[in-house]
Amino acid sequence: MMITLSSQDDLKAAKEALEAVKNSYPALFEKLVDVINLTRALQFKYQYLGCLITDEDPGNNAPCFVHGSVLRLYKKEFQSLKDDSDSAVLKQAFIEFKHISYAKVSLLAIGMTPESLLGASTIK
C-alpha cells in the first residue's frame with residue numbers, strides 16, 4: 001500500500017500530460033484505458049500496473065491468489081500495450097508522475113477529475 005499526498009497542481013499537470021498522450025497517440029491511450037479497466041475489473045492494484053509500465057519490480061503489489069490463466073490473460077493484454085511502438089511515451093508519463101501514485105495516474109486516465117483525487121490516498 002502506498003500513501004500519497006497530492007497537490008491539485010500535480011494532479012492537473014498529470015491530467016494534462018495524459019490528455020497530450022491521448023491526443024497525440026490515441027491508439028496507445030485506448031490500449032492504456034483497456035488495461036486500466038481490466039486491472040480494475042480483476043481487482044489488481046493500480047500500483048502493479050504502474051510497475052509493469054515502468055519496468056519496476058512490483059514486489060508486494062503483484063496479485064496474490066490468482067489463477068495462472070487469469071494472470072496470463074492479464075499479461076497478454078498488458079503486452080499489447082507494452083509492444084506498442086509509442087509505449088516509451090507512456091512509460092515516461094508514469095515515471096514523471098510516480099510521486100502522485102500510479103493509482104491516481106491510472107484514475108486520471110480513465111476520466112476522474114484532479115479535484116476528486118485531492119488529499120491523502122491509500123488507493124492500491
| Between Lys31, Lys98, Lys76, which gets the highest mean-square fluctuation from a Gaussian network model of the chain, Cα cutoff 10 Å? | Lys76
| Per-residue ellipticity at 222 nm for the chain, helices alone: DSSP H runs ≥ 4 residues times -39500 (n - 2.57), over residue total, nearest 500 deg cm²/dmol? | -18500 deg cm²/dmol
| field | For region 50-58, 3J(HN,Hα) per residue [Karplus equation, 6.51 cos²θ - 1.76 cosθ + 1.60, θ = phi - 60°, Hz, x = Gly/Pro] | value | x, 5, 5, 5, 9, 6, 9, 6, x
| said: Name the residue from Gly50, Asn23, Thr39 whose Cα lies farthest towards the positive end of the charge dipole of region 1-64, charges +1 on Cβ of Lys and Arg and -1 on Cβ of Asp and Glu. | reply: Thr39
| field | Overall Cα dimensions of region 4-114 - principal axes, largest extent first, Å | value | 40, 31, 22
| query | Mind ordering 50-57, 36-43 by average Cβ neighbours within 10 Å, highest first? | reply | 50-57, 36-43
| GNM on the chain, C-alpha springs below 10 Å: top fluctuator among Ser87, Ser24, Ser106? | Ser24
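Once you charge only the Cβ atoms, +1 for Lys and Arg and -1 for Asp and Glu, what is the size of the charge dipole of the chain about its Cα centre, to the nearest 20 debye?
Here the size comes out at about 420 debye.
FYI, it's all coordinate maths here, none of it is from the lab. Please read these numbers as outputs of a predicted model, since none were measured by experiment. Cβ coordinates were reconstructed from backbone atoms using ideal geometry, including for glycine residues, and neighbour counts include every protein chain displayed.
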